[in-house]
Amino acid sequence: MTNVLVCIKRVPETSGQILLAADAMSVDARHVGYTVSAHEECAVEAAIQIASATGGEATVLSLGSGDSVEQIRDAVAVGCTSAILVEADGERFGPGDVASAIAEVVTTHEAADSAFDLILVGNDAADTGDFQVGVRLAYALGRPVLTGISTVEVVDGAAVARGDGPDGTEVFRLPLPAVIAIQEGGITPRYPSIPGRMKAKRTAVETVAASVQPAGSGRVGLKLPPTPPSAVEILGEGAAAAPAVVDLLVTLGVVSS
Amino acid sequence: MTLVLVETDATGATETSLETLTFARGVAARSDSAALEAIMVGPLSPDVSDHVLDQMREQGVAVVHHAEGGQLSAYAAAAWAAAVVETATSSSTRVVMAAGTPRGSEVMAHVATRLQVPMAANVVAADETQPLVVSRQVMGGSVLEEMRLDGDLAVLTVAGHSTSARPAEEPTEPKLVTFEPALTDADLVARVVSIEESEKADTAGLTNARVVVGGGRGAGSAEGFADLLELADLLGGALGVSRVVTSLGWRPHHEQVGQTGSRIAPDLYVACGISGAIQHWAGCQSAKTILAINTDPDAPMVTKAHYAVIGDLHEIVPAINEELRRRQAHPA
Ligand SMILES: Cc1cc2nc3c(=O)[nH]c(=O)nc-3n(C[C@H](O)[C@H](O)[C@H](O)COP(=O)(O)OP(=O)(O)OC[C@H]3O[C@@H](n4cnc5c(N)ncnc54)[C@H](O)[C@@H]3O)c2cc1C
Ligand SMILES: Nc1ncnc2c1ncn2[C@@H]1O[C@H](COP(=O)(O)O)[C@@H](O)[C@H]1O
């Protein structure tokens with residue numbers, strides 16, 4: 001039985017135009033929806049698969065405002081069996097603070113006899129992209145850690161993880177408990193079912209307040225990179241533009257004349 | 001000093017490592033101790049090692065630390081970090097950095113945690129020297145964050161292809177220091193136990209290609225990529241795709257370009273049927289020239305591109321291929 005904890009972060013869904021808040025300390029997300037990173041969707045799927053294969057629980061956790069319950073319920077809808085909200089003003093929490101607060105929750109659960117054998121996080125959060133919460137969490141708990149992992153399974157009580165390395169697929173075998181940061185690519189997240197959504201509405205979310213005094217993220221401010229006015233040169237329309245395209249390729253030195 | 005973790009491949013130091021050294025030289029020059037040092041971890045063949053030393057000379061590196069020993073024969077992030085920390089703490093180091101590659105990011109996260117200091121990921125510029133204030137990419141590269149790194153020592157990763165590698169004005173005669181770092185058993189728990197061959201090996205082909213032909217939802221189906229693959233082939237380039245394409249299973253994930261895929265910096269990116277969402281743009285914005293092929297003249301990829309052809313890629317791309325073959329057969 002492997003009990004898995006998977007950590008997700010509520011982030012603005014920003015595929016289009018991005019606006020900054022007036023104080024330039026955050027993204028103005030009033031007119032966009034919220035989501036979690038693609039890596040975390042894969043981590044949720046991995047948690048569900050491992051828990052169900054071993055008869056364990058898949059618990060989803062998010063640190064942030066009460067609104068994060070929306071993302072927590074999405075994870076329950078696809079198969080997580082229990083849920084924890086660590087209530088905190090996420091803007092004031094740097095990656096080290098998030099790791100300390102999650103470590104605290106894990107330790108409390110352990111003391112109450114509900115330990116997590118495997119903790120999954122995303123490789124990097126979609127908004128702050130710090131690439132470090134998993135590693136800091138592992139050190140805080142004294143557990144081994146891997147990042148950039150595309151698939152993971154539990155075999156004979158050990159986590160067998162695979163990730164892309166410079167020379168091919170690297171294979172790791174970690175004793176549990178361990179922390180693993182998942183990277184999109186090897187796992188296909190499932191879509192929620194109607195019964196899943198119904199269950200998600202009913203599932204109780206354990207809410208705890210973070211007691212960590214945040215050191216902060218060091219953010220001084222945000223800036224939008226300058227968007228130069230469009231300077232696109234339209235070479236033509238349809239197949240008739242092919243000679244102009246090839247002329248361009250020649251000018252660029254991509255093909256020889 | 002400023003210490004840079006240098007990653008190597010079969011030929012020498014990687015391009016992103018050289019970019020990071022160039023970036024580090026700028027940071028070191030503005031600080032009160034201008035010394036630039038490099039560290040490599042793990043076994044190196046004598047050929048590669050010689051070549052890396054030449055590269056370090058060109059980059060103006062004063063000392064090259066090489067951590068070796070049987071325990072380092074397989075990659076383990078914690079062990080690499082232990083070697084970096086041992087070097088960084090043995091003299092007064094102000095900044096430790098690596099390229100923002102999977103390995104660079106992983107090892108720096110360990111280093112920052114061990115040293116109990118913050119880490120800034122995907123840095124593109126560093127301004128003040130004390131405390132270091134950096135500008136880094138967040139939201140997949142669509143927003144820049146100014147971040148202050150409090151502490152005596154700053155740890156950071158440099159965003160891939162945000163700087164280009166340039167030789168130093170004054171080459172150096174780097175001193176090579178080989179050492180065996182003190183490791184604990186815990187440092188070796190999370191280490192590579194085997195390597196399996198995978199098609200993935202070709203990501204390097206994509207990230208280093210001079211020409212990348214990109215395909216998005218506009219390709220329409222898995223079969224819709226035949227013309228794009230042919231164009232890539234005719235141009236001696238690689239195929240890159242959007243996330244929609246990998247999610248739909250039309251192409252493998254290792255071909256994905258963007259925030260959660262590869263970052264590319266080719267001379268030419270031909271983006272076909274790709275709208276240019278910020279997460280995709282994050283991966284292709286370093287292309288020197290972008291040619292967009294799209295039915296929608298208002299697609300962000302078109303307005304941000306240098307050149308565009310408006311229309312159906314299934315008509316335009318075969319016509320380009322045809323024209324290329326025609327000119328190959330009958331050179332002007
Ligand atoms: C956290 C997160 C991470 C992400 N990471 C990535 C990433 O790494 N890489 C990535 O690519 N995306 C990523 N995305 C997804 C991204 O937001 C977009 O959804 C995606 O890039 C869109 O792919 P597309 O351009 O192929 O499809 P669409 O946005 O649907 O665009 C299709 C384009 O094709 C054009 N078109 C249609 N038919 C034709 C035709 N016959 N001929 C020519 N043109 C045609 C249309 O005009 C349109 O512009 C991420 C999203 C999130 C939330
Ligand atoms: N506020 C948060 N709540 C829950 N998990 C988080 C939070 N912030 C970061 N994480 C997890 O840590 C991963 C890496 O985040 P980061 O180091 O900030 O890039 C994310 O993909 C999440 O899985």
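The values are calculated or read from the model by the stated rules, or taken from the named source; none is laboratory data. As the structure is a computational prediction, the values presented were derived from the model and not from experiment. Cβ sites come from the backbone with ideal geometry, for glycine too, and all protein chains shown count toward neighbours. To get the accessible areas, we keep the full protein, side chains included, count just its heavy atoms, and leave off ligands, DNA and RNA. Shrake-Rupley method; radii C 1.70, N 1.55, O 1.52, S 1.80 Å.
Observations, loosely collected:
- Diffusion coefficient, µm² s⁻¹, Stokes-Einstein with Kirkwood Rh over alpha-carbon pairs of the range A:117-257 at 25 °C and 0.890 mPa s: 118 µm²/s
- Taken one residue at a time, the phi angles of the range A:152-164 give Karplus couplings (6.51, -1.76, 1.60, θ = phi - 60°) of 8, 9, 10, 10, 6, x, 10, 8, 9, 10, 10, x, 6 Hz. Gly and Pro are set to x.
- Once C-alpha pairs closer than 8 Å and six or more residues apart are averaged by separation and normalised to the residue number of the range B:206-290, the relative contact order reads 36 percent.
- Of the residues B:His280, B:His253, A:His31, B:His306, ranked by 1.4 Å probe accessible area with the largest first, the sequence reads A:His31, B:His306, B:His253, B:His280.
- Separation between Cα centres of the range A:117-142 and the range A:6-68, rounded to whole Å: 13 Å
- Local charge for A:Glu104 was computed over the other residues whose Cβ lies under 15 Å away, with Lys and Arg +1 and Asp and Glu -1, and equals -2.
- Pairwise label distance in nanometres, A:Ala240 with B:Asp50, each label 7 Å out on the Cα-Cβ vector: 6.0 nm
- Interchain or long-range residues, amide H under 5 Å from B:Val61's placed H: B:Thr172
- Note on A:14-23: average number of Cβ atoms from other chains within 10 Å of each residue's Cβ is 3.
- A straight Cα-to-Cα reach below 27 Å connects A:Lys201 with the lysines A:Lys9, residues fewer than 8 places away in its own chain not being considered.
- Point-to-point label distance, B:Gln130-B:Ala34, nm (Cα→Cβ direction, 7 Å offset): 1.8 nm
- Listed residues A:Gln132, A:Gln71, A:Gln213, most fluctuating in chain A (Gaussian network, C-alpha, under 10 Å): A:Gln213
- Backbone phi angles across the range A:106-120, fed through the Karplus curve with coefficients 6.51, -1.76 and 1.60 (θ = phi - 60°), yield HN-Hα couplings of 4, 5, 4, 5, 4, 5, 8, 6, 10, 7, 9, 6, 9, 10, 10 Hz in residue order; Gly and Pro are listed as x.
- A:Met1 versus B:Asn208: modelled label distance in nm, points set 7 Å from Cα along the beta carbon direction: 5.1 nm
- Partner lysines whose Cα lies under 25 Å from the Cα of B:Lys304, excluding those fewer than 8 positions away in the same chain, are identified as A:Lys223, B:Lys288.
- Mean per-residue shielding of peptide B:101-108 is 5, counting Cβ atoms of other chains within 10 Å of each Cβ.
- Dipole magnitude (debye, nearest 20) for the range A:31-92, charges at Cβ of Lys, Arg, Asp, Glu: 140 debye
- By the Stokes-Einstein formula, at 0.890 mPa s and 25 °C, chain A with its Kirkwood radius over alpha-carbon pairs has D equal to 121 µm²/s.
- Computed from phi, the 3J(HN,Hα) profile of the range B:104-111 under the Karplus parametrisation 6.51, -1.76, 1.60 (θ = phi - 60°) reads x, 5, 5, 5, 5, 4, 5, 4 Hz, with x in place of Gly and Pro.
- Rounded, prolate or oblate (a/c below 1.5 giving rounded, otherwise prolate when a/b exceeds b/c) for the protein assembly as shown by Cα gyration tensor: oblate
- If you take the Cα centroid of the range B:7-78 and the Cα centroid of the range B:224-262, the two points sit 32 Å apart.
- Taking the range A:55-144 and dividing mean pair separation by its residue count, relative contact order in percent (alpha carbons under 8 Å, at least six apart): 24 percent
- Partner chain coverage, peptide B:309-317 - average Cβ within 10 angstrom: 5
- Net charge contributed by nearby residues that have their C-beta within less than 11 Å of A:Pro243 (K/R +1, D/E -1): -1
- Here the calculated FRET efficiency for A:Asp167 and B:Ser90, from their Cβ-Cβ distance with R0 = 25 Å, stands at 0.25, rounded to the nearest 0.05.
- Chain B - percent relative contact order, Cα under 8 Å, separation 6 or more: 15 percent
- If you take all other residues with their beta carbon under 14 Å from the beta carbon of A:Met198, and give Lys and Arg +1 and Asp and Glu -1, the sum is +4.
- Computed FRET value (nearest 0.05) for B:Asp150 with B:Ser221, which takes r as the C-beta separation and R₀ as 56 Å: 0.60
- Difference of contour (0.36 nm per residue) and Cα-Cα distance, A:Glu70 to A:Arg92: 5.9 nm
- Each part reduced to its alpha carbon centroid, the range A:190-246 and the range B:151-166 end up 24 Å apart.
- Under-5 Å amide H pairs with A:Leu19, H placed in peptide plane, nonlocal only: A:Asp28
- The DSSP beta bridges internal to the range B:130-240 are antiparallel in roughly 70% of cases.
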